[in-house]
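Notes follow once the structure below has been shown.
The values are calculated or read from the model by the stated rules, or taken from the named source; none is laboratory data. These numbers come from a predicted model, not from an experiment. In this analysis, Cβ positions are derived from the backbone assuming ideal geometry, glycine residues included, and neighbour counts consider all displayed protein chains.
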Amino acid sequence: MAAPAVVDIGTIITSSPDFRGGRPHVAGTGMTVMRIAGWYKLGMSPEEIAENISLSVAQVYAALTYYHANREVIDADLDAEAEEYDRALQEHRLKRKQQQLLQQQP
């Protein structure tokens, strides 16, 4: 019987400047470490994350290991994304309010 294949954990996380803006991601998927870290920070367990996005638990733990080793950089990306979301939401609400006001004019 053949021995099971050994996975080099250094191959689980990868990045390329022309894919996902160069953000590190799980190899062979489009799932970024930043996204996995975001869910983790929201309180999801690694097992829940793996189940919800069809990754192995090993892939999620590899992403979280990368996150913890590079926490400052990834947290800064998460913060920037949250700020951009808030800005876009405010802009959308302002446009909607302006449209409502225009529709109310006789």
Exercise for review: Can you tell me which residue within the range 29-44, out of those that are part of a loop (DSSP other than H, G, I, E, B) and touching a helix residue (DSSP H, G or I) at 6+ places or on another chain (Cβ under 9 Å), is nearest to residue 73 (Cα to Cα)?
Suggested key: 31
Review point. Considering the range 32-52 alone, what residues qualify as being out of contact with any His (no Cβ under 6 Å at 6 or more places or on another chain) and surrounded by 16 or more Cβ atoms within 10 Å (Cβ to Cβ)?
Key: 33, 34, 35, 36, 37, 38, 39, 40, 44, 46, 49, 50
Study note, to complete from the structure: The condition of being assigned to a helix (DSSP H, G or I), at pLDDT below 90 and under 22 Å from residue 14 (Cα atoms) holds, among 81, 51, only for 81
Practice item. Please determine, by comparing only the residues of the range 1-27 that are surrounded by 10 or more Cβ atoms within 10 Å (Cβ to Cβ) and assigned to a loop (DSSP other than H, G, I, E, B), which one is modelled with the lowest pLDDT. Key: 7
Review point. Do we have residue 43 as out of contact with any Leu (no Cβ under 6 Å at 6 or more places or on another chain), at pLDDT below 95 and small (Gly, Ala, Ser) here?
Key: no
